[in-house]
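The values are calculated or read from the model by the stated rules, or taken from the named source; none is laboratory data. Everything numeric here is computed off the predicted structure, so don't read it as measured data. In this analysis, Cβ positions are derived from the backbone assuming ideal geometry, glycine residues included, and neighbour counts consider all displayed protein chains.
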Amino acid sequence: MAKTWQEYQAEMIATHQAVPELSAVNSPSETARWKLIYFVIAVAMSFFEQVLELYYSLITSTVSSVKIGTPAWLAEQARLFQLGDSIEIINGVPTYPSGASGSKIITRVVAKNSSEGICIVKVAKGSITDLQALSSEELLQFSAYLNRIQFAGTRIKAISISADLLTIGANVRYNAIYDAATVKQNVIAAINNFLAALPEDGLFWREKLRDSMQSVTGIVDVELTGLQSIAGGEIVAIGQYYEARAGYIKLNSATPIESTITMIPA
């Protein structure tokens, strides 16, 4: 934030008074010539700094709006996909024609570059608490949309598969003054909220899950005794973190969370 002219003037006067050679220039009058000089300089410096900040803000805004083909930009474009509508490229910008009324079905996107130089775009549809994979026809249309808007020389692969299924084993110590059943349901709700708010990079962090569970009123401590995910039929033990293959995660109904969390009064 730019300094005010008062701040600049105060700094110059303080420096002036600290220089012995300028001790003779010490008129206390508010209209003294030496104070007027510092006032003019202070106003000019403050104004110039404000102009620089305004210019910086303009440049930053312009750069952020440029269509540069990054994974973040691709994720943004994925959310604009309209089922059944044909995309047009106008002045280099992908645009739907006026009157296009196709449904924007994409509600979850994870776009990341792979080590093979391919940008993997994982998508899902539905409400944030009930995400689902796209149908084969929807995925076909979405892939065609990506091919239409992608930058020359880039490689993109669209994926939409069923959610990774999470099993959580935990010993939850709670203040015995609270009702165990109520606290347990609140913990389960916190887990579901955590999964619904999975970051845009699709990364699941063990300690962040634990923090979410511990934030529930009445919880004393949470010990995660086991975390595993099933993705594409493969069982994966989760360590410090886990990258969702589908880009989103749901609790595994085959191992009900109610039976894998043990409530321990403390």
Filter result (at pLDDT 85 or above, among the hydrophobic types (A, V, I, L, M, F, W, C) and either outside any loop (DSSP other than H, G, I, E, B) or not assigned by TED's automatic domain parsing to the domain that holds Ser46 (or both)) within region 1-34
Trp5, Ala10, Met12, Ile13, Ala14, Ala18, Trp34
List the number of the failed condition for Tyr242; all other conditions in (1) among the hydroxyl-bearing types (Ser, Thr, Tyr); (2) exposed (fewer than 12 other Cβ atoms within 10 Å of the Cβ); (3) outside any loop (DSSP other than H, G, I, E, B) hold.
(2)
Spot the failing condition for Glu234; the list is (1) surrounded by fewer than 19 Cβ atoms within 10 Å (Cβ to Cβ); (2) modelled with pLDDT of 95 or more; (3) not aromatic (Phe, Trp, Tyr), and only one is missed.
(2)
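Going by what's in this entry, would Ala111 be described as small (Gly, Ala, Ser) and under 16 Å from Thr154 (Cβ atoms)?
Details: small (Gly, Ala, Ser): yes; under 16 Å from Thr154 (Cβ atoms): yes.
Taking the combined requirement at face value, the residue satisfies it.
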Note on region 95-118: residues more than 17 Å from Asp201 (Cβ to Cβ), among the hydroxyl-bearing types (Ser, Thr, Tyr) and without any contact (Cβ under 8 Å) to a residue 12 or more places away in the chain are Thr95, Ser98
So Gly233 passes all but one of these: (1) more than 25 Å from the chain's Cα centre (by Cα); (2) farther than 21 Å from Lys122 by Cα. Which condition number does it fail?
(2)
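Do any strands (runs of 3 or more DSSP E) entirely within region 138-231 hold 2 or more residues that are surrounded by fewer than 19 Cβ atoms within 10 Å (Cβ to Cβ), of a type outside the set (Phe, Trp, Tyr) and at pLDDT 95 or above, and if so, which?
It comes to 156-159, 164-174, 219-231.
Taking the conditions exactly as written (surrounded by 15 or more Cβ atoms within 10 Å (Cβ to Cβ), modelled with pLDDT of 95 or more and touching a Gly at 6+ places or on another chain (Cβ under 7 Å)), does Thr260 satisfy them or not?
Numbers: surrounded by 15 or more Cβ atoms within 10 Å (Cβ to Cβ): yes; modelled with pLDDT of 95 or more: yes; touching a Gly at 6+ places or on another chain (Cβ under 7 Å): yes.
The answer is yes for Thr260.
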Here is a list: Lys125, Lys112. Which entry is of a type in the set (D, E, K, R) and touching a Cys at 6+ places or on another chain (Cβ under 8 Å)?
Lys112
Of the conditions (1) surrounded by 17 or more Cβ atoms within 10 Å (Cβ to Cβ); (2) out of contact with any helix residue (DSSP H, G or I) (no Cβ under 9 Å at 6 or more places or on another chain), the single one that Leu134 does not satisfy is (2)
